[in-house]
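Colleague: Structure below; questions to follow.
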Amino acid sequence: MWHTTLSPSLVTHIPEALIINQQDERRLVEDYLRRRDERSFKDLYRRHTPRLYALAMRLCNSSADANDAVQDMWIRACTGLERFAWKSSLKTWLTGILINCVREQNRKIRAREEQLPDDWTESIATPNGAQLNLEQAIARLPAGYRDVLLLHDLEGYTHDEIGAVLDINAGTSKSQLHYARKAIRKLME
């Protein structure tokens, strides 16, 4: 639904050569863990960073914040890669780390209230009735709503996968997606 109305800047096309299966992922990770060399890391980096950076750009306020989040994510991933248990795909695991990095950045920038009043969308309306585009409306969503909306509608994750990434129940993911879509509709009116 949303993907058909997004501008080209929100959609990232990943070259077919960079899409690999789980077995290839394991081999790359094992190579990196065994050698700890630049070439092994670059192979992992090239396969995952374009998609992760695109997601970070949607979640962050600036390209500098997105770059910082992706860099922090790779530092954490490389540190914790030995403990990765392959209970999910590497893509899902890296996405979870990235979202946690972005959340930590956002907490440092400003504290967000978890409970929102029923009329919160009125408090963020644009002055003088100026129109929002979809990207601006998504950026104005609270972090939890925005994260679920982007992961589900743009990245194609299931509610179970979103639950694993964000450490929430699948039902919470469904609820937040419902309210995010409702808020987007209201903001776009």
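Colleague: I'd like to verify a number: residues in the range 37-94 that are in contact with a Lys or Arg (Cβ under 9 Å, 6 or more places away or on another chain), exposed (fewer than 12 other Cβ atoms within 10 Å of the Cβ) and assigned to a helix (DSSP H, G or I), how many?
Modeller: The qualifying residues number 0.
Colleague: List pairs: first in the range 76-91 and assigned by TED's automatic domain parsing to the domain that holds ARG35, second surrounded by 15 or more Cβ atoms within 10 Å (Cβ to Cβ) and of a type in the set (Lys, Arg), Cβ under 8 Å, 6+ apart or cross-chain?
Modeller: From the range 76-91, the pairs are LYS91/ARG51.
Colleague: Also: Mind listing whichever residues of the range 1-46 are at pLDDT 85 or above and small (Gly, Ala, Ser)?
Modeller: SER40
The values are calculated or read from the model by the stated rules, or taken from the named source; none is laboratory data. The structure displayed is predicted, hence computed values, not measured ones. Positions of Cβ are generated from backbone atoms using ideal geometry, with glycine treated the same way; all protein chains shown enter the neighbour counts.
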